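Asks: Structure in structure tokens, see below.
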């Protein structure tokens, strides 16, 4: 029985690993950035968290929208329909470019909200110039995502990884010299982290375009693109898939962003602790994201081949892989919950000694809950990917909205404002939302996959 699923692990990993490494590269850079900024103090760490909260909301919409490209390209690839694949890529690239500019403007217009959110004033002052710079970086990032999703749809997941890893190494180097003012450069602090992020994302976009331009399979897609000749049917199809997918990611990222804002109302130390737990959780989340992409690609391929039984079996094999990884990470978080937060702050800093120790104690408590929701998070991401491969996006959008904003956020708000629970209560609400999402997304996939089998 288990052999039917485990024999797919190798190919699942072949597709997922480059995605995981590429995405993990982003998070590891965030990890290094947080450690560097954390050396400046808890206020600076909280400022990065607050600035990123706005950025992540916009990013979620852009990246979520771009995911529509992958299942359509995967389906056209399995059908060997080059014209359909090229049309998908062209219209997806145009739509992502337009969306990146709209989201950039959205962030600029939303900046005044920072003063109205009951956040610590010193944190807001530090966050504003940082937010200005990373807002610009949103444009190359979303355009990069269009190229990435196209590449993923052709099962060429390695090349986005190469571009991401190289760009992230550049990011770490630039951040080091600009945050601390090394080798004659000015000490820019939090702003230096923003500049490093912008440069790395420009490099990342250029590198992926360059790689795909050299490959025999992909260069034909990038040649002689008639951007002014648009197909309304294809535009509607991508928007029809992309908009619900964008909302799905928005609802999930949005609830974690709300957790950042709720933490901010409890003070800079609570916000800094939240950032530590969120950054560590993001690293393990990338494993689930990679497996979710593998599920999208493989389910999309089987849909194109009209193989319903295989589709269901393969999706379950990805789910089993995700469950194994999630259980392992849950154990690691619980065992090392007191040790891990210590990497983020300077415990020898006499001036900030009291604040830093308070942050570490709070973060250690949050990591226990983060360990618990590893399993729920993995399940919901994998089945969301599988449903995207089926091009089923509307019902999953309703599921994610209900789970995160009818279940998760009200609980986070209620428990977070409780004297007894505070920051821990906020994360208990997140756990409830993720668990609800995982149950109902699984039930949705189970229903649709059985329906496809019965049709045959």
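Asks: Taking only the alpha-carbon atoms of the stretch 46-114, what semi-axes of the equivalent ellipsoid follow from 5 times the gyration tensor eigenvalues under a square root, in whole Å, largest first?
Replies: They are 33, 12, 6 Å, listed largest first.
Asks: Something else about it: Taking 0.36 nm per residue of sequence separation and subtracting the Cα-Cα distance, how much length would be gained by fully extending the chain between residue 214 and residue 79, in nm to one decimal?
Replies: Additional length available on full extension: 46.2 nm.
Asks: First measure r as the distance between the Cβ atoms of residue 187 and residue 132, then evaluate 1/(1 + (r/R0)^6) with R0 = 22 Å and state the FRET efficiency to the nearest 0.05.
Replies: 0.75
Asks: More than 23 angstrom separation, counting every C-alpha pair in the stretch 145-276; what % is that?
Replies: 59 percent
Asks: Can you give me the P(r) profile for the stretch 369-456? Cα pairs, bins 10 angstrom wide beginning at 0, each as a whole percent.
Replies: 19, 41, 25, 11, 3, 0
Asks: Please work out the Cα convex hull volume for the stretch 49-88 and give it in Å³ per residue.
Replies: 55 Å³
Asks: Using label points projected 7 Å from each Cα along Cα→Cβ, tell me how many nm separate residue 122 and residue 223, to one decimal.
Replies: Between residue 122 and residue 223, the simple spin-label model gives 6.0 nm.
Asks: Still on this model: Could you tell me the calculated FRET efficiency between residue 446 and residue 424, based on Cβ-Cβ distance and R0 = 25 angstrom, to the nearest 0.05?
Replies: 0.15
Asks: Could I ask something else about it? Nearest 10 degrees is fine. How inclined is helix 353-389 to the longest principal axis of the chain, computing both from alpha carbons?
Replies: Result, in degrees: 10.
Asks: Kindly provide the pair-distance distribution of the chain built from C-alpha pairs, with 10 Å bins from 0 and whole-percent values in order of increasing distance.
Replies: Here the calculated profile for the chain is 5, 21, 32, 26, 12, 3, 0, 0.
Asks: Which value in nm describes the separation of the simple spin-label points at residue 439 and residue 327, placed 7 Å from the Cα toward the beta carbon?
Replies: Placing both labels 7 Å along Cα→Cβ, they lie 2.1 nm apart.
Asks: Then there's this: Output the 0 to 90 degree angle, nearest 10, between the alpha-carbon long axis of helix 69-78 and the longest principal axis computed from the alpha carbons of the chain.
Replies: 30 degrees
Asks: I'd like the FRET efficiency for residue 14 and residue 283, computed as 1/(1 + (r/R0)^6) with the beta carbon distance as r and R0 of 22 Å, rounded to 0.05.
Replies: It comes to 0.55.
Asks: Taking Cα pairs under 8 Å and at least six residues apart, what relative contact order does the chain come out at, in percent?
Replies: Contact order relative to length: 23 percent.
Asks: Given labels modelled 7 Å from the Cα in the Cβ direction, how far is it in nm from residue 334 to residue 7?
Replies: Each label point lies 7 Å from its Cα, and together they span 3.4 nm.
Asks: Would you please state which residues of the stretch 129-168 a label at residue 108 would reach in this model, taking the label point 7 Å out along Cα→Cβ and a backbone N cut-off of under 19 Å?
Replies: Counting only backbone N, you get 129-143.
Asks: What do you get for Rg/Rh over the stretch 300-456 if you use C-alpha atoms and the Kirkwood form of Rh?
Replies: 1.12
Asks: Working from Cα positions, state the angle (0 to 90°, nearest 10) between the long axis of helix 190-214 and the longest principal axis of the chain.
Replies: Tilt relative to the chain: about 20 degrees.
Asks: OK, next. Among 50-61, 227-238, how do they line up by average Cβ neighbours within 10 Å per residue, starting with the highest?
Replies: The most tightly packed comes first, giving 50-61, 227-238.
Asks: To the nearest Å, what is the center-to-center distance of the stretch 378-435 and the stretch 66-127, using C-alpha atoms only?
Replies: 22 Å
A short reminder: the numbers here are calculations on the coordinates, not readings from a lab. Being a predicted model, the structure only gives us computed values, none of them experimental. Every residue, glycine as well, gets a Cβ built from its backbone with ideal geometry; the counts of neighbours run over all protein chains shown.
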